[in-house]
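I have placed the structure first, in the form of structure tokens, so that the comments after it can refer back to it.
The values are calculated or read from the model by the stated rules, or taken from the named source; none is laboratory data. Owing to the predicted nature of the structure, the values given are computational and were not obtained by experimental measurement. With ideal geometry, Cβ positions are generated from the backbone for all residues, glycine too; neighbour counts draw on all protein chains shown.
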Amino acid sequence: MTTRVIVVDDQAMVRAGFAALLDAQEDIDVVGQAADGDEGVALARRSRPDVVLMDVRMPKLDGLEATRRIVASPGLADHTRVLMLTTFDVDDYVYEALRAGASGFLLKDAPPADLISAVHVVAAGDALLAPSITRRLIADFAQRRPAGRSKPSLRLNALTERETEVLTLVARGSSNSEIAHQLFVAEQTVKTHVSRVFTKLDLRDRAQAVVFAYESGLVTPGE
């Protein structure tokens, strides 16, 4: 299958470079480019891509608000994934973008192979990207920021003991195969548990699961 991608970045050379790199792959088709968040949202709604490669800082509308609008758009919420491009000096935006529904993030200076791999991973729904970096980033903000008004800890009551155990391991960055090994169960069983956790907690993917686990107090920074 071909993964359809749009690139949203206000720097023309960066945007063109990412687009050229991805478009050169046999199984990736860059279907459009946008120079700011407003253009990116409109383009996403028109082209319905599988992945939006989204810069964080842009004029008119930044990547955070653009992500919120894309995730909330009918026809895109269950189909289009947002991959944020960032540098360490804008971690605050990245954290909020993950909460808003982005499926992960990638550092702008990542090697080309990492960008290609990241697009494939996000398109397959297997976020979180760069787990060790992302866990550290989320842990930092979970420690410094209060949880949301929705009291997510109460929602943990909907999970079984095994599902809670699986969510804990997901939040610590374990893959399905690693979780299966730790719990002595089949990988397909882990996939079923993960799917049920997402459904019960109304989560899009592993990125939101990690955020939820920290904000609900299930996992604490430094564990």
Expected single match for closer than 24 Å to Ala207 by Cα, outside any strand (DSSP E or B) and in contact (Cβ under 8 Å) with a residue 60 or more places away in the chain among Leu22, Leu64, Leu76 is Leu22
Kindly evaluate Ala118 against the criterion of being part of a helix (DSSP H, G or I), touching a strand residue (DSSP E or B) at 6+ places or on another chain (Cβ under 9 Å) and at pLDDT 80 or above.
yes
Flagged in segment 1-39 as surrounded by fewer than 14 Cβ atoms within 10 Å (Cβ to Cβ) and of a type in the set (Gly, Ala, Ser), in numbering order, are Ala12, Ala16, Ala20, Ala24
Scanning segment 156-211 for residues that are outside any helix (DSSP H, G or I), touching a helix residue (DSSP H, G or I) at 6+ places or on another chain (Cβ under 8 Å) and closer than 29 Å to Met84 by Cα gives Arg172, Gly173, Ser174, Leu203, Arg204, Asp205
Margin query: Considering only segment 80-87, I want to know if a residue exists there that is hydroxyl-bearing (Ser, Thr, Tyr), assigned to a helix (DSSP H, G or I), within 22 Å of Leu107 (Cβ to Cβ) and modelled with pLDDT under 95.
Written below: no
Log entry, pairs with first residue in segment 38-59 being touching a residue at least 12 places away in the same chain (Cβ under 8 Å) and acidic (Asp, Glu), second being surrounded by 23 or more Cβ atoms within 10 Å (Cβ to Cβ) and assigned to a strand (DSSP E or B), beta carbons closer than 7 Å, six or more apart or on different chains, reads Asp50/Val5; Asp50/Arg81; Asp55/Val8; Asp55/Leu85
